[in-house]
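Enquirer: Sending over a structure as structure tokens; questions will come in a sec.
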Amino acid sequence: MKYLSLGVILKTHGLKGEVKVKSSTNFALLRYKKNNKVYLYSEKKQDLKEVHILSYSSINGFDYLIFKELNDINLITKFIGYQIVVNKEEQPPLKKYSYYYDDLIDCKVIDQNNIEIGIVTKIEEYSANETLRIRLSNGKDLLLPFVKAFIKNVDIDNKTINAELIKGMIEK
């Protein structure tokens, strides 16, 4: 099973099992709908627990969740640091030209001259648009806006992204 990470549980909030979450999903309202099934996952402990959303709110850039099965501080405390994940196969298909961040990470980025410029290591969100953080062969990072002006083709199956760079984007 392939999982998509929605965020990580930072700490408890109150006595009713509410947790503060640093989310990494752009679809929090959709993902954290009441009764939705999610999993709490710890790679370190190799632990996976299925839970269902009881309530969701967002305050100051953090999400707050209560799970039906863990609606008491004594039950949820052991899950601090766990990731909240969903099964990728159970998710509705994305719209054309939309991609999961997990699918873009580790893609090779190839320029208009068919030369590999680096590997996507992270997707960063800025107010204007998402930006690819690309590790160049010289060890430096390039921030490339994920917009049509620069991104010409994305091939998830072959893990490649064709990009058109402008002069001066990469130091020689």
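The values are calculated or read from the model by the stated rules, or taken from the named source; none is laboratory data. Here the structure is a predicted model, which means the values were calculated and not measured. So basically every Cβ, Gly included, is an ideal-geometry build from the backbone, and we count neighbours across all protein chains shown.
Enquirer: Out of 143, 136, I need the residue that is without any contact (Cβ under 8 Å) to a residue 24 or more places away in the chain, of a type in the set (A, V, I, L, M, F, W, C) and in contact with a Leu (Cβ under 9 Å, 6 or more places away or on another chain). Which one?
Expert: So the residue among 143, 136 that is without any contact (Cβ under 8 Å) to a residue 24 or more places away in the chain, of a type in the set (A, V, I, L, M, F, W, C) and in contact with a Leu (Cβ under 9 Å, 6 or more places away or on another chain) is 143.
Enquirer: Residue 96 fails exactly one of the following numbered conditions: (1) charged (D, E, K, R); (2) in the same structural domain as residue 56 (by TED's automatic domain parsing); (3) assigned to a loop (DSSP other than H, G, I, E, B). What is the number of that condition?
Expert: Of everything listed in (1) charged (D, E, K, R); (2) in the same structural domain as residue 56 (by TED's automatic domain parsing); (3) assigned to a loop (DSSP other than H, G, I, E, B), residue 96 misses just condition (2).
Enquirer: Follow-up. Do the conditions hold for residue 157, that is, is it outside the structural domain of residue 45 (by TED's automatic domain parsing), surrounded by fewer than 13 Cβ atoms within 10 Å (Cβ to Cβ), in contact (Cβ under 8 Å) with a residue 24 or more places away in the chain and not in a strand (DSSP E or B)?
Expert: No; evaluated as a whole, the condition is false for this residue.
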